[in-house]
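Comments concern the structure below.
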Amino acid sequence: MPYEGIEAQVSFQTWRLDDTHQTLVLAARRARLPEVVYWGAPLPMGDDLSVVAAAHAIDVTGGMLDENPDLSICPEVVRTFPGQPGLIVRAHDGTPLLPKFCFDGEETDDTTLCLRFVDAENGLHYSARYTTDPHTGIITTTAVLDADSPVHLHWLAAPVFPAPQFSDEMIDVSGRWCGEFQLNRTAWSPGMRYRENRTGRTGHEHFPGLIVPCRGATNTRGEAYAFHYGWSGGHKMIAEELPDGRRQIQFGHASRMEMEPATRFETAPLYVTYSHDGLNGCAVAFQRHLRDRILTPASDAPRPVHYNCWEAVYFDHKLPVLKDIAERAAALGAERFVLDDGWFGQRDDDTTSLSDWEVDPRKYPDGLGPLIDHVRGLGMGFGIWFEPEMINPDSNTHRAHPDWALGSEDQVLGRQQKALNMALAEVRDFIYERMAAILSKYEIDYVKWDHNRVLPMPDAKQTRGSYALIDRLRAAFPHVEIESCASGGGRIDFGILKRTQRVWLSDSNDALERLKMQRNAALFLPMTVTGSHVGPRVCHTSGRVLDISFRAWVAAQRHMGFEMDPRELTDHEATVLREVTGWWKHNRDWLLKADILGLDSPDPVIIAEQQMAADKQRFVVFAGKAGTSAQIAPRPLRLTQLDPAASYEVSLINRLSAPALSRGTPALKDRALTLSGAYLMTHGLTLPWSFPETMWVLEGKRSG
Ligand code: DGJ
């Protein structure tokens with residue numbers, strides 16, 4: 001066919017990026033925007049990319065255009081693209097612009113590809129940047145739009161990726177207060193799954209992540225592709241199957257978040273990865289990338305065990321009680337005491353005083369010094385709670401500056417508060433001065449930074465303002481660590497984690513809820529940032545009563561802490577807590593650098609993970625029982641990522657917790673066993689019978 005003949009002669013511009021995990025190939029014809037023509041397992045370096053690009057093209061049949069529109073890195077309306085475009089923009093006067101970009105130049109090296117395009121007619125410039133990281137296997141991408149004169153931006157996608165055809169479903173993440181990190185599986189079908197977070201913060205409801213497993217993929221096996229958009233102001237995701245069957249993934253800021261016309265817009269980084277190790281391959285890439293590339297730790301010291309007083313005293317701060325609690329917490333093994341909400345203004349409940357960041361003289365007549373000295377005298381660090389971006393109408397600050405609040409006078413309040421307008425420099429200066437005064441006056445090494453309501457409307461300036469305030473405080477107080485909290489896990493993303501060191505995953509200290517949440521959150525988050533506290537015997541947010549051993553081991557799966565009133569502990573509970581905390585401290589050096597791998601449990605009530613040391617010489621398995629099994633005997637649990645030929649000594653370190661109803665004699669109940677990696681990964685370990693809401697903890701060491 002003459003048409004095909006002509007096409008065959010059109011040469012491709014091609015680019016490739018490689019790391020040990022994957023190859024990404026981009027190709028463009030006729031100086032247009034390129035398409036991703038290959039993304040997956042590493043391709044041989046000798047592969048001819050023009051052939052790869054030519055082989056990628058799909059056929060044309062009846063009812064189709066004469067040429068299939070490119071699924072480019074920024075699909076363009078004017079190319080008859082049948083799906084969602086990657087850019088929606090208007091001129092200053094509101095006229096829609098329909099960009100058509102042409103190649104304008106490139107900068108490349110071994111790990112970075114930066115491609116520039118121009119639309120001379122509309123005065124627009126689009127550039128896409130890709131950076132690989134051989135250590136982590138994450139490709140980081142951003143898109144930038146420059147305009148010769150100010151334009152209104154409606155939507156700018158980070159560089160667009162195709163989704164695999166050999167996939168039946170996608171997994172994204174939703175949640176709620178006390179129920180963060182719930183996974184949703186949605187079958188692919190023509191049309192799109194469109195998620196847009198218009199709350200102005202990352203939100204419990206909208207963690208900006210997506211996993212696209214290929215058919216048959218599990219935690220430990222198969223192929224998967226994953227995406228995370230590192231932005232705290234609310235994102236939009238499009239996962240679309242076009243009429244011709246091709247699929248595209250777009251991520252960017254929520255649309256219409258830029259309120260003013262401008263000459264430059266930039267997406268947040270989109271982090272993507274391909275795995276041939278099941279969902280675990282994606283999880284490990286994100287965990288390592290966050291831990292080793294994005295976090296900016298405040299010190300090299302090991303993560304301290306926290307004590308947070310919120311659920312012990314709430315707003316009822318009394319110095320003698322807090323001192324007593326601090327002593328007990330230290331005796332249990334706590335290494336940092338965090339004074340939560342209630343220390344400032346007239347804050348006896350949540351109706352008042354946010355933004356009046358001065359110590360309440362009724363509760364602390366001599367300031368915070370006596371408490372901090374006491375805590376420090378016990379050998380603990382000291383942390384303090386702020387909610388810097390918020391203001392109560394009932395506050396001195398609001399009375400003096402009602403115009404500092406974001407949104408209208410008659411807006412619906414959230415937890416009786418409004419958000420401050422963080423785009424205003426005077427607001428940021430004021431909050432900075434108040435916080436800096438506290439951080440300068442007292443020996444404080446930690447800030448729990450809360451954000452307890454959604455915004456009245458999404459606005460990218462607000463997020464940029466928040467980032468600027470955090471960055472300024474971090475620069476002035478580099479030794480102060482920050483925990484990102486927003487009614488629990490309402491602000492968790494790689495954008496906030498660039499400037500903070502821990503997240504408060506959830507306000508739920510219910511170990512059963514946490515077990516599930518922590519498992520799912522580890523698809524993106526490493527141990528080092530994931531705060532997990534042992535809560536009260538009767539959980540304050542669920543009413544559930546859980547045994548101390550289960551509560552303690554679930555907290556020990558992540559960055560451990562306590563939040564109950566230690567005065568409620570029986571001697572037995574205190575002993576268990578001390579022992580588990582001791583175990584965590586003894587192991588934290590390697591645990592904090594370990595990969596968290598989900599296991600494929602044959603019993604759906606067993607939620608299990610294997611934390612694998614960086615040198616692969618040791619591991620720990622946590623197998624939590626979240627309910628009652630359908631069958632009577634435990635099914636063997638397969639381990640993962642071991643050397644099949646190596647031997648491992650495995651021991652059930654809490655075997656003495658077996659209940660009397662476990663009447664048999666499984667070998668693990670009385671001794672360590674040495675088994676090959678092949679056995680452990682193929683047959684799996686048969687654990688003793690146990691009650692629901694308990695956890696088996698197994699240690700493994702390579703022995704030969
Ligand atoms: C919400 C947080 O998630 C809690 O941990 C606690 O800090 C309260 N705010 C304090 O108001």
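The values are calculated or read from the model by the stated rules, or taken from the named source; none is laboratory data. Given the structure is predicted, the values throughout are model-derived calculations rather than measurements. Positions of Cβ are backbone-derived with ideal geometry, glycine not excepted, and every protein chain shown enters the neighbour counts. Only protein heavy atoms, including side chains, enter the accessible area calculation; ligands, DNA and RNA are left aside. Shrake-Rupley method; radii C 1.70, N 1.55, O 1.52, S 1.80 Å.
Residue-level analysis places Gly86 among those that are under 36 Å from the mean Cα position of the chain (by Cα), touching a residue at least 24 places away in the same chain (Cβ under 8 Å) and surrounded by 15 or more Cβ atoms within 10 Å (Cβ to Cβ).
Whether any residue in the stretch 388-397 is without any contact (Cβ under 8 Å) to a residue 40 or more places away in the chain and among the acidic types (Asp, Glu) is what I want to check. Working first, answer last.
From the stretch 388-397, those without any contact (Cβ under 8 Å) to a residue 40 or more places away in the chain are 391, 393; that's our starting set.
Then keep just the ones that are among the acidic types (Asp, Glu); that gives none.
The answer is no, given that none of the residues of the stretch 388-397 is without any contact (Cβ under 8 Å) to a residue 40 or more places away in the chain and among the acidic types (Asp, Glu).
Scanning the stretch 464-498 for residues that are open to solvent by less than 10 Å² (accessible area, probe 1.4 Å), more than 16 Å from the ligand (Cβ to nearest atom) and either among the polar types (S, T, N, Q) or under 17 Å from the mean Cα position of the chain (by Cα) (or both) yields Ser466, Asp493, Phe494, Gly495, Leu497.
Restricting attention to the stretch 660-704, and to residues there that are of a type in the set (D, E, K, R) and over 17 Å from Lys625 (Cβ atoms), which single residue is most open to solvent (accessible area, probe 1.4 Å)?
First pass over the stretch 660-704, keeping only residues of a type in the set (D, E, K, R): 663, 669-671, 693, 699, 701-702.
Subset that is over 17 Å from Lys625 (Cβ atoms): 663, 670-671, 699, 701-702.
Details: Arg663: 209, Asp670: 94, Arg671: 125, Glu699: 33, Lys701: 94, Arg702: 88 Å².
Per the criteria, the residue is Arg663.
Annotation note: Cβ proximity below 7 Å between a residue of the stretch 490-504 that is farther than 13 Å from Arg464 by Cα and a residue that is small (Gly, Ala, Ser) and open to solvent by 10 Å² or more (accessible area, probe 1.4 Å) (sequence gap 6+ or interchain) occurs for Gln501/Ala298. Counting the residues of the stretch 124-146 that are closer than 18 Å to Leu97 by Cα and open to solvent by 10 Å² or more (accessible area, probe 1.4 Å) gives 4. Asp450 passes every criterion in (1) acidic (Asp, Glu); (2) in contact with a Gly (Cβ under 7 Å, 6 or more places away or on another chain); (3) within 16 Å of the ligand (Cβ to nearest atom) apart from (2).
Pairing each residue of the stretch 59-81 that is loosely packed, with under 12 Cβ neighbours inside 10 Å with any residue that is not in a loop (DSSP other than H, G, I, E, B), provided the two are 6+ apart or on different chains, yields C-beta distances under 8 Å for Asp66/Tyr3.
For the stretch 543-562, indicate whether the set of residues that are over 19 Å from Gly627 (Cα atoms), part of a helix (DSSP H, G or I), of a type in the set (Val, Ile, Thr) and modelled with pLDDT of 95 or more is non-empty. No, that holds for no residue.
Consider the stretch 337-366. How many of its residues are open to solvent by 20 Å² or more (accessible area, probe 1.4 Å) and charged (D, E, K, R)? Looking only at that region, the number is 7.
Would you confirm whether or not the stretch 549-565 contains a residue that is without any contact (Cβ under 8 Å) to a residue 24 or more places away in the chain and not β-branched (Val, Ile, Thr)? Within the stretch 549-565, none of the residues are without any contact (Cβ under 8 Å) to a residue 24 or more places away in the chain and not β-branched (Val, Ile, Thr). Scanning the stretch 392-440 for residues that are out of contact with any helix residue (DSSP H, G or I) (no Cβ under 8 Å at 6 or more places or on another chain), among the β-branched types (Val, Ile, Thr) and part of a helix (DSSP H, G or I) returns a single hit, Ile438.
Is it the case, given these coordinates, that Ser395 is within 16 Å of the ligand (Cβ to nearest atom), over 29 Å from the mean Cα position of the chain (by Cα) and surrounded by 19 or more Cβ atoms within 10 Å (Cβ to Cβ)?
So Ser395 passes the test.
Can Leu319 be described as touching a Phe, Trp or Tyr at 6+ places or on another chain (Cβ under 9 Å), open to solvent by 40 Å² or more (accessible area, probe 1.4 Å) and either of a type in the set (Gly, Ala, Ser) or away from the ligand (no atom under 14 Å from the Cβ) (or both)? Give the steps one after another, and end with the answer.
On the way: touching a Phe, Trp or Tyr at 6+ places or on another chain (Cβ under 9 Å): yes; open to solvent by 40 Å² or more (accessible area, probe 1.4 Å): yes; either of a type in the set (Gly, Ala, Ser) or away from the ligand (no atom under 14 Å from the Cβ) (or both): yes.
Yes: the conditions hold for Leu319.
If you go through the stretch 567-590 one residue at a time, how many are open to solvent by 10 Å² or more (accessible area, probe 1.4 Å), of a type outside the set (D, E, K, R) and in a helix (DSSP H, G or I)? Don't jump to the end; show me each part of the working.
Initial filter on the stretch 567-590 (open to solvent by 10 Å² or more (accessible area, probe 1.4 Å)): 567-576, 578-579, 582-583, 585-586, 588-590.
Then drop every residue that is not of a type outside the set (D, E, K, R), which leaves 569-570, 572, 574-576, 582-583, 586, 590.
Then drop every residue that is not in a helix (DSSP H, G or I), which leaves 572, 574-576, 582-583, 586, 590.
The number of residues fulfilling the criteria is 8.
Restricting the first member to the stretch 298-321 and to residues that are of a type in the set (Gly, Ala, Ser), and the second to residues that are open to solvent by less than 20 Å² (accessible area, probe 1.4 Å), the beta-carbon pairs closer than 7 Å and six or more apart or on different chains are Ala298/Val480; Ala298/Glu481; Ala298/Gln501; Ala312/Ile325; Ala312/Met564. Note on the stretch 10-45: residues that are more than 37 Å from the chain's Cα centre (by Cα) and open to solvent by 50 Å² or more (accessible area, probe 1.4 Å) amount to 3.
Taking the listed residues Phe181, Phe207, the one that is surrounded by 17 or more Cβ atoms within 10 Å (Cβ to Cβ) and not in a loop (DSSP other than H, G, I, E, B) is Phe181, with no other qualifying.
Considering only the stretch 91-111, state which residues are farther than 19 Å from Ser72 by Cα and open to solvent by less than 30 Å² (accessible area, probe 1.4 Å). Answer for the stretch 91-111, where residues must be farther than 19 Å from Ser72 by Cα and open to solvent by less than 30 Å² (accessible area, probe 1.4 Å): Ala91, Gly94.
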